[in-house]
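Notes for the one structure printed next.
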Amino acid sequence: MWTPYLTIQDVNGLESDRFIKIFGNVVEHCLAAGIGILKNRPFNSVEDVVHAVVTYLDNLKLTEKEKILQLYPDSVSKLAGFSNSMLEFNTHQKIVNSSRSLRFEEKKRLKQLSKDYRDYFGFPFIICSKEDDIDTICATMESRLKNCKEKEIEIAMNEVKKICKLRIHEIVQ
């Protein structure tokens, strides 16, 4: 029976180019991250892989962290542009509970906050959440818009780390 997961032994045995491609994508299509993570092989557990990603991200310079953040899609803006039927079927980029339809005012608010955030910080709003409602996301965006750029990079990178951890657990069992 075929399993979509890799074992830790599979991860340790991957050819370097394959490893870089797989784990570079864990950090939003960043092959440099795959190379940085590769240097930590062999791994003893999935948590060792997660630790390698976190360490790689933590050791980046501020400008490099900002470049990583710029790689991420603007999911909130996309969400604001989706029709309600698209929201119901968009499970891959789902960041909110779509048990109800978004009102026009909510979409407009999301779109404006997303634009304000990107204009202010130079990268999209990043949050690792699949359950928060629109009001919570908007309140979080409004709160984070009050941060200085360095503080917001730190917060956004913590969200990236959470996303990476989830992605790694989807790949490695």
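The values are calculated or read from the model by the stated rules, or taken from the named source; none is laboratory data. Keep in mind that what you see is a predicted model, and the values were worked out from it rather than measured. Note: ideal-geometry Cβ built from the backbone for every residue, glycine included; neighbour counts use all protein chains shown.
Pairs are defined by a Cβ separation below 7 Å, a sequence spacing of at least 6 or placement on different chains, a first member in segment 15-31 that is in the same structural domain as V54 (by TED's automatic domain parsing), and a second member that is outside any helix (DSSP H, G or I) and among the acidic types (D, E); no pair meets this definition. Applying the set (1) under 20 Å from C128 (Cα atoms); (2) part of a loop (DSSP other than H, G, I, E, B); (3) free of Cβ contacts under 8 Å to residues at least 40 places away in the same chain to K67 leaves exactly one unmet item: (2).
Taking the stated definitions as given, is N147 under 23 Å from K21 (Cβ atoms), modelled with pLDDT of 90 or more and among the polar types (S, T, N, Q)?
On the way: under 23 Å from K21 (Cβ atoms): no; modelled with pLDDT of 90 or more: yes; among the polar types (S, T, N, Q): yes.
No; evaluated as a whole, the condition is false for this residue.
Each row is one residue, and each column tells you yes or no for (1) under 30 Å from V49 (Cα atoms); (2) modelled with pLDDT of 95 or more; (3) surrounded by fewer than 14 Cβ atoms within 10 Å (Cβ to Cβ); (4) under 16 Å from the mean Cα position of the chain (by Cα).
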site: K78; (1), (2), (3), (4): no, no, no, yes
site: F82; (1), (2), (3), (4): no, no, no, no
site: R118; (1), (2), (3), (4): no, yes, no, yes
site: K151; (1), (2), (3), (4): yes, yes, yes, no
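In the set Q112, Q93, Q70, only one residue is over 14 Å from C138 (Cα atoms) and modelled with pLDDT of 85 or more; that residue is Q70.
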